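Visitor: Below you will find the structure I want to go over with you.
The values are calculated or read from the model by the stated rules, or taken from the named source; none is laboratory data. Keep in mind that this is a model prediction, so the values were computed, not measured. Heads up, the Cβs are rebuilt from the backbone with ideal geometry, glycines too, and the neighbour counts pull from every protein chain shown. Heavy atoms of the whole protein, side chains included, go into the accessibility calculation; ligands, DNA and RNA do not. Shrake-Rupley method; radii C 1.70, N 1.55, O 1.52, S 1.80 Å.
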Amino acid sequence: MSIRLATGGRLIDRSRSIGFSFNGKTLTGHPGDTLASALMANGQMIMGRSFKYHRPRGVVASGAEEPNALVNLGTGNRHEPNQRATLTELFEGLTATSQNHWPSLNWDIGEVNALIPQLLPAGFYYKTFIHPRPFWKHVFEPFIRQSAGLGRAPDPEHADPDRYEQLYAHVDLVIAGGGIAGLQAALEAGRAGLRVILCEQGAHWGGRAPVDGVGIDGQPAADWVTSAVQELEKMDNVHLRLRMMVAGVYDHGYVIGYERVADHAPETDAPRHRLWRIRAARVVSATGALERPLSFAGNDKPCVMLASAMRDYVVNWGVAPGARTVIVTNNDDAYRTALALQAAGLAVPCIVDARAKADGPLVQEARARGLRVLTGMAIANVKGLRGVVAVQLCAQDGTGAVLEDVVCDAVAMSGGWSPVVHLWSHCGGKLIWDSKGAFFRPDPDRPPTDQHGQGFVICAGAADGALLAADTMANASRSIRKILHEHGKDASDAAPLTSAMAEAPMMPVWVMPAQAGVKKRAKMWLDFQNDVKVSDVQLAAREGFESVEHAKRYTTLGMATDQGKLSNINGLAILAQALDEDIPRVGTTTFRPPYTPISMGAIAGEGRGAIFQPLRRTSIQDWHEAHGAHFEPVGYWRRPYCFPKQGESHRDAVNREILATRGGLGLLDASTLGKIIVKGPDAARFLDMLYTNLMSSLAPGKCRYGLMCNENGFLMDDGVVARLDDETFLVHTTTGGADRIHAHMEDWLQCEWWDWKVYTANVTEQWAQIAVVGPKARAVLQKLGSDLDLSNAALPFMAWAEGRIGGFDARAFRISFSGELSFEIAVPAAQGRAFWEALLAAGAEFGATPYGTEALHVMRAEKGFIMIGDETDGTVIPQDLGLDWAISKKKTDYLGKRAQERPHMTDPLRWKLVGLETLDGSVLPDGCYALADGVNANGQRNTQGRVTSTYFSPTLGRGIAMGLVLNGPGRMGDVLDFNTTKKTAKGEMRTIKARIVNPVFYDLSGEKQNV
Amino acid sequence: MSDATISALPGAESHHGIVTIREMGLQGMVSLRADLAGAARAVKQVTGAAMPGLRGVTKGRGCQVAWMSPDEVLILCDHAAADKLVFDLGEALTGQHHLVVNVSDARAMFSLAGPVGALRDVLSKVTPADISAIAPGEMRRTRLQQVAAAIWFETQTEARVICFRSVGRYVFDLLTVSAGKGGAVGYH
């Protein structure tokens, strides 16, 4: 049973107590505890269950690499699954529950999976749940969904109440890792004047050195760490950050840092997490190394832990998983755990060393202190159901015949150490296999390279393979000096002398014992979270999944939330053995950011709620909101769709707005329409290239409707062009086209016609623009008073004039999208709201009615005017829409001209624009097709047309539609069948009949806009 | 008609955070596109300001001229003076290919004021531009999270931001959230 030791624990404050709860039980811990150490102190060693077999799981590591101790943290809208107990700093009131079991942690029905492992080997998903076929949808899938996954996703109705943010920073150097290598690198770089950010993912500086008895410049490592941090804090050019993990290294020195600002102090106003987006010239990865488990039968049981983690718990937090601990190892470093346990007054019955000979200094020290060292030995079996009660020993070089039983309640295992090479690898750094240490380390000749082809990441210390403390410091200093030399600098002082007990070589042990049979191999765990065993990887190799990437996916080794940190190397060594290959030839799988999971909140940053998107508002937006407008999105704008009165449906509002406008006076906020000034001696020539029409012949004071096609000949935007003077045009675009067409113009001017003298300016937002529409349009403007002659003679249809209206500076365009008498008035945006209100006031006697985009759409459809995005879809050309009159015959070239001469574009079978009227007056459904006889090769009904716009027209009291139909204009009066999604009583598709008619449904002669 | 003329977010102010955010009201802005070397004399004559260099801002008579791109400058002036400035520049540049246009109402301007470090920390939360490399006298075009913007420092403790009018509310809300209490970073 795990316990809190009477003394010790350099990170905890024993004088104060913190209350927390686990699975509903109230427990206490100390400030400085992690949830893992606090649970251990309370005798709670089982902290979760594994993914596939639901085996009880205890904590196996002490840091970010932990695969087992995953808990639900928080309740309600703060519930967050899969939180690692080893990284969760204890705070008052912390609430946690264990995951992946039912009904309880101790008695889990899912454990039945463990009784049938033969049926659930690796890759079983590909071989099971296939027959009977119909069972998948209703039986297998729901069952799998129910039992799959670790942790419970937050409820959809809960919104995360915390806030998150991001921060951009630019520095010369990012150092990832606050152990002695990172601190030394920071000191040397800081003293040389570089701008440095030093990040440490944990809450404390110093890394492993204070636990492992390292001496630096004759003092204990912890003291050196303290003074190093003090010196660094005084440097203006060095920024220190705890609780910040470097999550990823990307091209061009872009580094992501994940700072857990307030996880440990949830009461504050601070953002919970902050994502640092750093541009660094260089990165030092001082990320240390991770210990590997050993693969022996029963190595996944609670109270079997990594040896270094066990001494971390004893030294840092004063807790121990057991009173009697057996050490099993293939290297000298694990002996530090034996010595630490003994120094804490705990029993160490024996140290099981797989090597035939062990007499390094640490081993000798252990023997000198009376510890029993067994060489050439192995663990055959771990006995115990929910923990450890004994281990059975055998020869390492054998099949596992039991030689001795040792009573114990914990096992500390060490299979060696792997440098943390992730940040080196993210951007393409390559690795080499160090066979002496049995680990991959960075290949200094193949670093990740920046935009200059230079290596921009350097590893330092244990991360570079310099695992022994004496080498670590020297390596860190050498690494940082490479960067200083690039700046023409050197380190000011010599690197400190570091000492720790030397170590004899390790011996790689991938299977314990070496000739273990299949039954034992089926109980040797590689991936504790996903339940992948040695036998599974060997099975994958036998089934032909020989690439390490395939073996990973087939077995799911390394695909759990710990991303294979403890299983990666052990697994690929087994694969190499199975394929009879060298480990370096098998290689590793791809390392991808983030190094450990980061929250979605940090990635989203502050962008939520009102600032999720940069919504755009016209200068009249407040008025629309205050008057109950119903809005529709047009890009980032929100335009009024209609202005429903109290109790009015949207459909009724739209009908009312149309009738009021055609019958009297309507007002539309058209401010969102694009307005681009095009000016210069070549402006006319430029517009002639952009439009299908001839724009150069437009006279100052006049307007012309134009079509813009892309290079492929397809219609992409339309709008009215006004000529302001000889050299100046004002181009109107659709709302959605404003920024796009401006970019299109600049693209051609900068990249193709760069010698043409044309300047453009996007003035869309400079002007509020209001459409004053209806038989009373002129009357309301004259009532407001103007220095302009607004009569039809002075300001005819498609002309414009500039002057003052109602005291406002205004430009009036006689443009009509509704077919009524219509003036579009532009005033400076700062006066938009005031002008709108002036129009409403003056127009009250004429029944002035604000109308929205839907009334706009219906009115233009009544007139047969096309709408970009309805009648066009990127495949439609002007000739399809009966707009041949807008295609200039005189111009030798314009964008799209040649494309429109291709056979596909001149094919007479292209569908053409017509109007459609249902025989019964109903409204054709959106997007429906005109049916033709027979079916195509796919068994789909043939078609001969489609509906592009369809509305109810209150003006005509019936449904109207526009569509593209085969030979449409030549078939006036023909009746076609259109599909619907409804079925007849017989279960057949219900169709609607509609007649082909002229698309101009209202005021065919166009006299109303000309008054 | 003066009370009929309003800025994007009149009177908007946020002072509960680690820096104070204020909407600056009506601001005159004139956009000039031309060959900058060729237009320097006309600009000097009309505004009193020298033509600025790359990202530079020069001072003139009641106005400032800011470099926007190799063929564009932005003139900041009183809102009421913008139209005349457009007219005068147009006259002075007769015969030279140019485009000068009043864009005063197309923009919104905000001020951020606070301690030197906090001010730069708040800006660093929303722009990828290197804030510590921007000195007074430099205008930096960049983005504020999702929208285009320009930033400059009036003094070490006050920065100004301009953005398009239509996203004025987004920018104000974004800056307010970023300056929120509890959000001190201690980086700059």
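Visitor: Could you give the size of the charge dipole of region A:1-137 about its Cα centre, using +1 on the Cβ of each K and R and -1 on the Cβ of each D and E, expressed in debye and rounded to the nearest 20?
Guide: Charge dipole of region A:1-137: 400 debye, to the nearest 20.
Visitor: Another one. In region A:509-586, if the dipole is taken from +1 on Lys/Arg beta carbons and -1 on Asp/Glu beta carbons about the Cα centre, which of A:VAL534, A:VAL548, A:ALA560 is farthest to the positive end?
Guide: A:VAL534
Visitor: Right, another one. Along the charge dipole of the protein assembly as shown, Cβ charges K/R +1 and D/E -1, which of B:VAL30, A:SER888, A:GLN83 sits furthest on the positive end?
Guide: Result: A:GLN83, furthest along the dipole toward the positive end.
Visitor: Once the Cα atoms of helix A:469-486 and of chain A are each reduced to a long axis, what angle between those two axes, in degrees from 0 to 90 to the nearest 10, is obtained?
Guide: Tilt relative to chain A: about 40 degrees.
Visitor: Further question on the same structure: Over region B:28-105, give the accessible area per residue in Å² for a 1.4 Å probe, as an integer.
Guide: Here the per-residue accessible area is 42 Å².
Visitor: Run through every distinct alpha carbon pair of region A:462-604 and return the Kirkwood hydrodynamic radius in angstroms, one decimal place.
Guide: 18.2
Visitor: With a 1.4 Å probe and every protein chain left in place, work out the accessible area per residue of chain A in Å², rounded to a whole number.
Guide: The answer is 40 Å² per residue.
Visitor: Which far-off residues, 5 or more places away or on another chain, put their amide H under 5 Å from the one on A:ALA410, with H placed in the peptide plane?
Guide: A:ARG324, A:VAL326
Visitor: Would you mind calculating the relative contact order of region A:509-586 from Cα pairs under 8 angstrom and at least 6 residues apart, reporting the percent as a whole number?
Guide: Details: 93 pairs, mean separation 22.3, N = 78.
Relative CO of region A:509-586 lands at 29 percent.
Visitor: Specify which residue in the list B:ALA42, B:PHE110, B:GLY53 is farthest towards the positive end of the charge dipole of chain B, using unit charges on the beta carbon of Lys, Arg (+1) and Asp, Glu (-1), about the Cα centre.
Guide: Selected residue: B:GLY53.
Visitor: Name the residues of region A:156-194, by number, that are at least 30 Å² less accessible with every protein chain in place than in the isolated chain; the surface is that of heavy atoms, probe 1.4 Å, without ligands or nucleic acids.
Guide: With the partner chains in place, region A:156-194 has these residues losing at least 30 Å²: A:ARG163, A:GLU165, A:GLN166, A:LEU167, A:TYR168, A:HIS170.
Visitor: Return the whole-Å distance between the Cα centroid of region A:288-357 and the Cα centroid of region A:521-545.
Guide: 24
Visitor: Kindly identify residues of region A:198-239 having a loss of at least 30 Å² in accessible area between the isolated chain and the assembly of all protein chains, probe radius 1.4 Å.
Guide: A:HIS239
Visitor: Could you let me know the centre-to-centre spacing of region A:931-987 and region B:88-116, using Cα atoms, in angstrom?
Guide: Rounded to whole Å, the Cα centres lie 53 Å apart.
Visitor: Further, regarding this structure: Tell me, which cysteines of chain B are without a disulfide-compatible partner by the Cβ under 4.7 Å rule?
Guide: B:CYS163
Visitor: With a ≥ b ≥ c the root eigenvalues of the C-alpha gyration tensor of region A:336-393, is it rounded (a/c under 1.5), prolate (a/b larger than b/c) or oblate?
Guide: Note, shape of region A:336-393 comes out oblate.
Visitor: Taking all protein chains as present, what is the carbon and sulfur share of the accessible area of region A:400-462, in % to the nearest whole number, probe 1.4 Å?
Guide: Working: 1190 of 2370 Å².
Carbon and sulfur: 50 percent of the exposed surface of region A:400-462.
Visitor: Here is a follow-up. With solvent modelled as a 1.4 Å probe, how much accessible area in total do chains A and B shield from it at their shared surface, in Å² to the nearest 100?
Guide: Counting both chains, the buried surface is close to 4100 Å².
Visitor: While we're looking at this one, here's another question. With θ set to phi - 60°, apply the Karplus curve 6.51 cos²θ - 1.76 cosθ + 1.60 along region A:218-226 and write out the HN-Hα couplings as whole Hz, x wherever there is a Gly or Pro.
Guide: Taking θ as phi minus 60°, the curve returns x, 10, x, 3, 4, 5, 4, 4, 4 Hz for region A:218-226.
Visitor: May I pose another question? How much space per residue, in cubic angstrom, does the convex hull of the C-alpha atoms of chain B take up? Please list the in-between numbers first.
Guide: On the way: hull volume 20.1 nm³, N = 188.
Dividing the Cα hull volume of chain B by its residues yields 107 Å³.
Visitor: Compute the distribution of all C-alpha to C-alpha distances in the protein assembly as shown, in bins of 10 Å from 0, and list the percent of pairs in each, rounded to whole numbers.
Guide: Bin by bin from 0 Å, the calculated values are 2, 8, 14, 16, 15, 13, 13, 10, 6, 2, 0, 0.
Visitor: Another question, then. Per DSSP H run of at least 4 residues, take -39500 (n - 2.57); add these up for chain A, divide by its residues and hand me the 222 nm value, nearest 500 deg cm²/dmol.
Guide: -6000 deg cm²/dmol
Visitor: If you fit an axis through the alpha-carbon atoms of helix A:180-191 and take the longest principal axis of the Cα set of chain A, what angle between them do you get, 0 to 90°, nearest 10?
Guide: 60
Visitor: Ok, one more. Would you work out the charge dipole size for region A:509-586 about its Cα centre, treating the Cβ of every Lys and Arg as +1 and the Cβ of every Asp and Glu as -1, and quote it to the nearest 20 debye? Intermediate values should be presented prior to the final figure.
Guide: Values: 10 positive and 10 negative charges, 64 e Å.
Its charge dipole is roughly 300 debye.
Visitor: When the dipole is taken about the Cα centre of region A:908-1011, and only Lys, Arg (+1) and Asp, Glu (-1) are charged at their Cβ, what size is it in debye, to the nearest 20?
Guide: 260
Visitor: Let me ask something else about it. If I compute solvent accessible area with a 1.4 Å probe over the protein chains, what percent of it on region A:1-161 is carbon and sulfur?
Guide: 59
Visitor: Can you give me the relative contact order of chain A as a percent, contacts being Cα pairs under 8 Å and 6 or more apart? Working shown, then result.
Guide: Numbers: 2393 pairs, mean separation 86.7, N = 1011.
Computed over chain A, the figure is 9 percent.
Visitor: Now for a different question. Could you grab the relative contact order for region A:1-161? Cα pairs under 8 Å, six or more apart, rounded to a whole percent.
Guide: Over region A:1-161, the number comes to 22 percent.
Visitor: How long are the semi-axes of the equivalent ellipsoid of region B:28-105, taking √(5λ) for every eigenvalue λ of the Cα gyration tensor, in whole Å from largest down? Mind showing how you got there, number by number?
Guide: On the way: eigenvalues 49, 40, 26 Å².
For region B:28-105, the semi-axes come out at 16, 14, 11 Å.
Visitor: A drop of at least 40 square angstrom in accessible area, chain alone versus all protein chains together, probe 1.4 Å. Which residues of region B:173-188 meet that?
Guide: Checking the loss per residue gives B:VAL177, B:LYS181, B:GLY182, B:VAL185, B:TYR187.
Visitor: Continuing with the same structure: Give the shape of region A:509-586 as rounded, prolate or oblate, defined through the alpha-carbon gyration tensor: a ≥ b ≥ c are the square roots of its eigenvalues, a/c under 1.5 means rounded, and otherwise the shape is prolate if a/b is larger than b/c and oblate if not.
Guide: The shape class here is rounded.
Visitor: What residues qualify as long-range amide H neighbours of A:SER50, i.e. H under 5 Å apart, gap of 5 or more or another chain, H built at 1.01 Å from N?
Guide: A:ARG55, A:ARG57
Visitor: What shape does region A:908-1011 take by its C-alpha gyration tensor, where a ≥ b ≥ c are the square roots of the eigenvalues and a/c under 1.5 counts as rounded, a/b above b/c as prolate, and the rest as oblate?
Guide: Numbers: a/c = 2.82, a/b = 1.56, b/c = 1.80.
Judged from the Cα gyration tensor, region A:908-1011 comes out oblate (a/c at least 1.5, b/c at or above a/b).
Visitor: Give me the distance between the Cα centres of region B:47-72 and region A:1-61, rounded to whole Å.
Guide: 64
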